[in-house]
Every structure is written in C-alpha cells, then in structure tokens.
Amino acid sequence: MKILSIAAMLIVIIVTILLTSSTIDVVSNAVLAQNTSNSSSSLTKLTDGGSITIKLEPSPNPIKSKEQTQLKVSFFKPNTEEIQPHIDYDMIINETTTNKTIFQASNLTGQPGIPVHTAESIVTIPFTFPAKGEYTIKIPVYGILFNPIVPESVTFTTHVE
C-alpha cells in the first residue's frame, strides 16, 4: 500500500514537471516567466526550515493598488545567491486585516493545492492588489530537485499605496 502511495506521488510530480518545466509557465490568465531585471527593492528570507533562501522583488515599487505589480520570486541555496533549480512551491496572498486569501497560484492551474514547479527557479507573477493596505505574501516550498520535503515557507509583509 505504501509503495502505491509513493508511486502515485511520483506520477503527480512527473506530470506536474512535464506540464510546467519551461521557463515560461502559463497559469490561467497569469503568466509565470523568467525575469532577469533587477529591482531596487527586494525582500530576502530563509525558509522556516532553513532549506531555501527566497527573494521577493515587487516592481514597480512602491506597490500601488489597482495597478499591475510584477512579483519576481527567486529561489536560492540556503544563505547564498546561487540559484536552486527545480522548486515546487505556491504563492498565497492574504489581506492582513481580514486574513482573507485573495490569490493562490496553485488555484489558477486548475489543480488547487498541487504545487507549481519552476525549473529555472526565477519566476515573475503578475498581480493587481485590489485596494490600499497591508498584505502578506506567503511562499511555501514543497519540493527541491524533484524530491518532496516537509513544507517550509517564508512570509513577507508588504504595504500597498
């Protein structure tokens, strides 16, 4: 029974990788694309389990409500700026005052809760914040180099004008 569960998980991971392994991943109306531009403002944190350093670079900055923001996310080996390829992740944006989820990347794939995969480990997610205020952006990581891990995450707080 345990072997069947492992086999099923591997099939899901392989299918996810095959469907999302290019550097440009289309997720419903959002596009996750490799982006090499530098932003003047970035946030960098080590995941709570210490396996990955995640950098978030919103552009433009400051973020303005009702205007599209490019949220560049880069995944690095711990405490370095060396890219860590093949990451399974998600991105969840909540309104801070209500703790209401207003965006989740995996929901847009048609497979809610199934992690999104990036081969290049630098993605840009376009998002329009609906109103001024404080938001949290949580980025959980579920796998590294095709190996599932106990989920680890970082949470960034951002202000929208």
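The values are calculated or read from the model by the stated rules, or taken from the named source; none is laboratory data. No experiment lies behind these values; they were computed from the predicted model shown. Neighbour counts run over all protein chains shown; Cβ positions are idealised from the backbone, glycine included. For the accessible areas, the whole protein counts, side chains as well, though only heavy atoms, and no ligand, DNA or RNA atoms are used. Shrake-Rupley method; radii C 1.70, N 1.55, O 1.52, S 1.80 Å.
Can you find a residue that is in contact (Cβ under 8 Å) with a residue 40 or more places away in the chain, over 16 Å from His86 (Cα atoms), open to solvent by less than 20 Å² (accessible area, probe 1.4 Å) and aromatic (Phe, Trp, Tyr) anywhere in the range 128-141? Yes, the range 128-141 has at least one match.
Is one or more of the residues making up the range 16-38 more than 14 Å from the chain's Cα centre (by Cα), open to solvent by less than 30 Å² (accessible area, probe 1.4 Å) and at pLDDT below 95? Yes, because at least one residue in the range 16-38 is more than 14 Å from the chain's Cα centre (by Cα), open to solvent by less than 30 Å² (accessible area, probe 1.4 Å) and at pLDDT below 95. Within the range 142-159, the residues that satisfy the criterion of being more than 11 Å from Leu56 (Cβ to Cβ) and buried (at least 20 other Cβ atoms within 10 Å of the Cβ) are Tyr142, Ile144. Here Ile125 passes the criteria (1) closer than 15 Å to Thr69 by Cα; (2) over 9 Å from the mean Cα position of the chain (by Cα) except the one numbered (2). Part of a strand (DSSP E or B) and modelled with pLDDT of 95 or more: does that describe Pro130? No; evaluated as a whole, the condition is false for this residue. Checking each residue in the range 95-127 for being assigned to a loop (DSSP other than H, G, I, E, B), of a type in the set (Ser, Thr, Tyr) and free of Cβ contacts under 8 Å to residues at least 12 places away in the same chain picks out only Thr98.
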